[in-house]
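Read through the structure below, which is laid out as structure tokens, and then see the notes.
What follows draws every value from the coordinates through simple rules; no lab data is involved. Note that the structure is predicted; figures quoted are calculated from it, not measured. Virtual Cβ from ideal backbone geometry, glycine too; neighbours counted across all protein chains shown.
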Amino acid sequence: MKWFGSLIFGCILFVSNSFAAGSGDVVLKHKDWSFSGPFGTLDKSAMQRGFQAYREICASCHSLNYIAFRNLSDLGYSKAEIKAFAAEYEVEDGPNDDGEMFMRPGIAADRFPAPYPNDAAARAGNGGAYPPDLSLITKARANGPDYLYSLLTSYKDAPGDKEVPDGMYYNAAYPGNLIAMPQPIYGDDVSYADGAPADISSIASDLVYFLTWTAEPSLEKRKRTGVKVMIFLLIMVGMSYGAMRFIWSDVKKA
Amino acid sequence: MSADKFSNPVVRWIDHRLPIFSFMDHELNEYPTPKNLNYFWNFGSLAGVSLVIMIVTGIVLAMSYTPHVDYAFQSVERIMRDVNHGWLLRYIHMNGASFFFIVVFIHIFRGLYYGSYKAPRELLWILGVLILLLMMATAFMGYVLPWGQMSFWGATVITNLFSAIPFIGDSIVTFLWGGFSVDNPTLNRFFALHYLMPFLIVGVVILHLVALHRFGSNNPIGIDPSGPQDTVPFHPYYTIKDFFGLSVFLTLFAAAIFFFPNFMGHPDNYIPANPMQTPAHIVPEWYFLPFYAILRAVPDKLGGVLAMFGAIAVLFILPWLDRSPIRSGNFRPIFKIFFWVFFADCIALGYLGGMPAEGIYVVLSRVATAWYFLHFLVILPLLSVIETPKPLPQSLSKSVLGGSAMAGAASAVKEKV
């Protein structure tokens, strides 16, 4: 009976994992991300590069609704830099005292302006396909970081027997292999200030770092807190076990 | 019930007028508990702690949550990003539901193996099954609140089940929805009920405890304690043991919260609900999968719904299905085998509930569902007649301590307290 608990727990994890894996017709490329594991951290320079790649490549179609400019301080930017980023955008505000809406430069408290005013406009601008918001994308897909990396690096010529309709593209990592998004990265699409390589897989990897952060800005803090909490609890387990053995010592012989 | 046992005069004054201290002393301090309980008896107190954790985190989350179809998803993300430690509160609550069910399932299987549902604890068991039902309703409605894709489609699938009821089914579904589809009124009422039901659970838990304290805990041997030499006072012996169990539980719980918080969730629930787009596979949370498998195993809609509710309903009458006077499975050689087969069957149902309803999975689901009911309705009643149990020990002390030299030790225990 002792192994019963671990058995039921193991089975539950197995079951929950096996259905979370989802559609299994594609094989994902696996990378060792710095943020995986209990001591994982987010690489700030990779996130900054990913932020640049997002702005120069993705942002023309994909919104980032849950991120405000002020959040960029997590990436290591100073207040002045954040104000400068925000000021590059025009944001609608109002109504003013005359009851008119007006445009003003962005401030740190603003969220990233979306490229399209609404879903219908986004679809109309993309041949009927809706470019999803990217804030949560790495959490909204099974094995999100690997999936995103694979998706961005798996555009290929379709195999001979695969019909690719107009406005669709062949992608080995996309479920069903036909995706409406044209290949976004070809290599050297951005020139990084820090001179980091800008080939397809490097840009894809940088974007994964950035979008893992946007999906969960508290990731690093969560893991750091977790390590401390685990140390505390393991000590508590040891001490309460000792106390239990001491209290029970006059009832049962060990 | 004399107030003299308290030395503090304020306590004495209060206790004379309102005997809460006597009550606590009687139910927690003196409360005689079999001394041979194993770690499976930890899960009752763990379930209680889980309930408290869920209520506390839930109330705080409700302060920042907006139950409206246009804002619910955003408000959850706001909790995750902008509310101080909101990510921690939400991950505790979200994983807390899973851990609550893990604990309660182990608690139930413990009751099944050691015959804790048998006389005189039938009502204790029935109240427990009622708690399970309330928990399932609460968890289902809670999962709808973030208003992600699985929230929306799970709510649609499950509420639609009621349309299987003949004649009035469709009216019931419209009544549940507050409209003609799962929409804002549905979300609003689910939030209201999700806030209410935990307190109903607290009420039933109190009754569960009253019923428990009437005859005390069952134990792994399954025979009643024959006297003080077979029991220890609840405090400090089981308070410390429960505390140790709690420490282990919290360690596992914290590992999930801090290192794999989304492992037991579904990625689709990070996509905002979209009534125009159905997810590829609609799956409920893992703790509903066995019941979901039973639902889908029956080819008829009404039949499936009846089978699913029947899977719980059969637990209510379990004390009268298993007529064997022997409580503990340790002394029932054939029952023991069937218990583990049944356990494997439940795990299989959980696995099958997560698989698509096609091909071999449908066949296996039907076999596993049939076995589930066969176990309760045929095997248990039959075993109570044909099985020859092993001889029971004469008392708990003898089986625990392997001798009669315990009179001295038992009195030592009493002196210490």
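Sorted from fewest to most neighbouring beta carbons within 10 Å, what does the list B:TRP147, A:TRP33 look like? If you can, show how the numbers build up before the last one.
Working: B:TRP147 24, A:TRP33 19.
Listed from fewest to most nearby Cβ atoms, that is A:TRP33, B:TRP147.
Explain nothing, just the number: relative contact order of chain B, from Cα pairs under 8 Å at least 6 residues apart, as a whole percent. Please list the in-between numbers first.
Details: 490 pairs, mean separation 91.2, N = 417.
Relative contact order of chain B: 22 percent.
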**Report entry** Integer Hz, Karplus 6.51/-1.76/1.60 couplings in order for segment A:230-241, x for Gly and Pro
**Finding:** 5, 4, 4, 5, 5, 5, 4, 4, x, 5, 5, 5
Requested in this report: Specify which residue in the list B:TYR292, B:PHE338, B:LEU364 is farthest towards the positive end of the charge dipole of segment B:286-387, using unit charges on the beta carbon of Lys, Arg (+1) and Asp, Glu (-1), about the Cα centre.
Outcome: B:PHE338
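With +1 on the Cβ of every Lys and Arg and -1 on the Cβ of every Asp and Glu, and nothing else charged, how large is the dipole of the protein assembly as shown about its Cα centre, in debye rounded to the nearest 20?
Numbers: 48 positive and 51 negative charges, 691 e Å.
Around 3320 debye, computed over the protein assembly as shown.
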Requested in this report: Using every pair of alpha-carbon atoms in chain A, split the distances into 5 Å bins beginning at 0 and state the percent of pairs per bin, rounded to integers.
Outcome: 1, 5, 9, 12, 15, 14, 11, 9, 7, 5, 4, 3, 2, 2, 1, 0, 0, 0
Query - For segment B:286-387, fraction of C-alpha pairs farther apart than 20 Å, in % - result: 39
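What average number of partner chain Cβ atoms lie no more than 10 Å from the Cβ of the residues making up B:62-69? Don't jump to the answer; show the numbers that get you there.
Numbers: counts 0, 0, 0, 0, 0, 0, 0, 0.
Mean partner shielding for this stretch: 0.
Which value in deg cm²/dmol, rounded to the nearest 500, describes the helix-derived mean residue ellipticity at 222 nm for chain B, given -39,500 (n - 2.57) per DSSP H run of n ≥ 4 and division by the residue count?
Working: 18 runs with 262 residues, N = 417.
So the calculated ellipticity at 222 nm is -20500 deg cm²/dmol.
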Report summary line: Which of A:LYS139/A:LYS221; A:LYS79/A:LYS139; A:LYS29/A:LYS139; A:LYS29/A:LYS221 exceed 23 Å between C-alpha atoms? The answer is A:LYS79/A:LYS139; A:LYS29/A:LYS221
Requested in this report: Find the relative contact order for segment B:211-357 and round it to a whole percent, using C-alpha pairs within less than 8 Å whose residues are 6+ positions apart.
Outcome: 33
Query - Separation of the B:PHE215 and B:ILE337 label points, Cα + 7 Å toward Cβ, nm - result: 2.9
Report task. State the dimensionless ratio Rg/Rh of segment A:125-219 (Rg: radius of gyration of Cα atoms; Rh: Kirkwood radius). Result -> 0.99
Report summary line: dims of segment A:52-190, Cα set, principal axes, largest to smallest, nearest Å -> 63, 35, 28
Requested in this report: Using amide H atoms built 1.01 Å from N in the peptide plane, name the residues 5+ places from B:GLY148, or on other chains, whose amide H lies under 5 Å from its own.
Outcome: B:ALA273
Report summary line: Expressed as a whole number, the average count of other chain Cβ atoms within 10 Å around the Cβ atoms of B:258-266 is 6
Requested in this report: Calculate the length of the line joining the C-alpha centroid of segment B:333-387 to that of segment B:91-134, in whole Å.
Outcome: 19
Query raised in the report: Shielding of B:316-328 by partners, i.e. mean partner chain Cβ atoms within 10 Å per residue?
Result: 0
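About its Cα centre, how strong a charge dipole does segment B:35-282 have in debye, to the nearest 20, once Lys and Arg get +1 and Asp and Glu get -1 at the Cβ? Please report the intermediate quantities before stating the final value.
On the way: 10 positive and 10 negative charges, 100 e Å.
Rounded to the nearest 20 debye, it is 480 debye.
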Query raised in the report: How far is it, in nm, from the label point at B:PHE167 to the one at B:VAL52 when both lie 7 Å from their Cα along the line to the Cβ?
Result: 4.9
Query raised in the report: In sequence order, what are the phi-derived ³J(HN,Hα) couplings for segment A:40-54 according to the Karplus relation 6.51 cos²θ - 1.76 cosθ + 1.60 with θ = phi - 60°, rounded to whole Hz, with x for glycine and proline?
Result: x, 10, 8, 7, 5, 5, 5, 5, 5, 5, x, 4, 4, 5, 4
Query raised in the report: Which residues' amide hydrogens lie under 5 Å from the amide hydrogen of B:VAL232, considering only partners 5 or more residues apart or on another chain, with H built in the peptide plane?
Result: B:THR33, B:LYS35
Requested in this report: Normalising by the residue count of chain A, find the relative contact order in percent from Cα pairs under 8 Å and 6+ residues apart.
Outcome: 24
**Report entry** Nonlocal amide H pairs with A:SER135, under 5 Å, H built at 1.01 Å
**Finding:** A:ASN65, A:TYR66
Report summary line: Mean-square fluctuation maximum in Gaussian network of chain A, Cα pairs under 10 Å, restricted to A:MET230, A:MET168, A:MET239, hits A:MET239
**Report entry** Net charge dipole size for segment B:286-387 [Lys, Arg +1 and Asp, Glu -1 on Cβ; Debye, nearest 20]
**Finding:** 160
